[in-house]
Structures are given as C-alpha cells and as structure tokens.
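Trainee: Here it is: the structure, laid out below.
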Amino acid sequence: MDINQITTFLGWCTAINMVILAFAAILLFIFKDFAINTHSKLTGVSAAKLPSLYFSYMANYKIGILIFNLAPYIALTLMV
C-alpha cells in the first residue's frame, strides 16, 4: 500500500466511525428510557448509573476516533 491508499483508507475509517457515533448518539437520545431499562436488566447496573456510562462510552469512542483515525489522516494529508 502506498501513502495515498492509506490516506484514503483512514479518511473512510473516520467517516464510517463518525456515522456510527452519530447513529449511537441519536438512538440513545430517542430510545433513552428503553435502552436504560434493557441494559439495566441485562447487566444489573443501576438505572441511575447508566447515563454516565453512556456518556463515558461516547466520549471514549470519540477520543479513539480522533486519535486512531482523524489524527493520522490529517498527518498523512499534510505529508502528501
């Protein structure tokens, strides 16, 4: 693979991961009560703790996208 292919790959990875993040955020916003009830029953975590866990998950996922997809994409774009 050359640099152009890797740059294109990271660009698509960034776009796909951002869509997944947005989709998860929208679903959690729309179906918040359903998600909290379901996950509380499945995992045994109290319903009061789940919103902070959802926020932590979304924040960590976003940071992962920025570090592993977007930053290398920008660096390679500047190199080419």
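Where a number appears in this text, it was derived from the coordinates with a stated rule and is not lab data. Keep in mind that what you see is a predicted model, and the values were worked out from it rather than measured. Neighbour counts are summed over all protein chains in view; Cβ atoms, including those assigned to glycine, are modelled from backbone coordinates with ideal geometry.
Trainee: Of all helices (runs of 4 or more DSSP H) completely enclosed by the range 19-80, which ones contain at least 2 residues that are closer than 30 Å to Ile6 by Cα?
Mentor: Details: elements: 32-43, 50-65, 71-79.
Hits in the range 19-80: 50-65, 71-79.
Trainee: Also, quick follow-up: Condition first: among the hydroxyl-bearing types (Ser, Thr, Tyr), under 29 Å from Ala15 (Cβ atoms) and surrounded by 10 or more Cβ atoms within 10 Å (Cβ to Cβ). Now tell me which residues in the range 40-61 satisfy that.
Mentor: Tyr54, Ser56, Tyr57, Tyr61
Trainee: Show the residue pairs that are 6+ apart or on different chains and have beta-carbon atoms under 8 Å apart, the first residue being within the range 1-30 and without any contact (Cβ under 8 Å) to a residue 12 or more places away in the chain, the second being surrounded by 12 or more Cβ atoms within 10 Å (Cβ to Cβ) and of a type in the set (A, V, I, L, M).
Mentor: Leu27/Ala35
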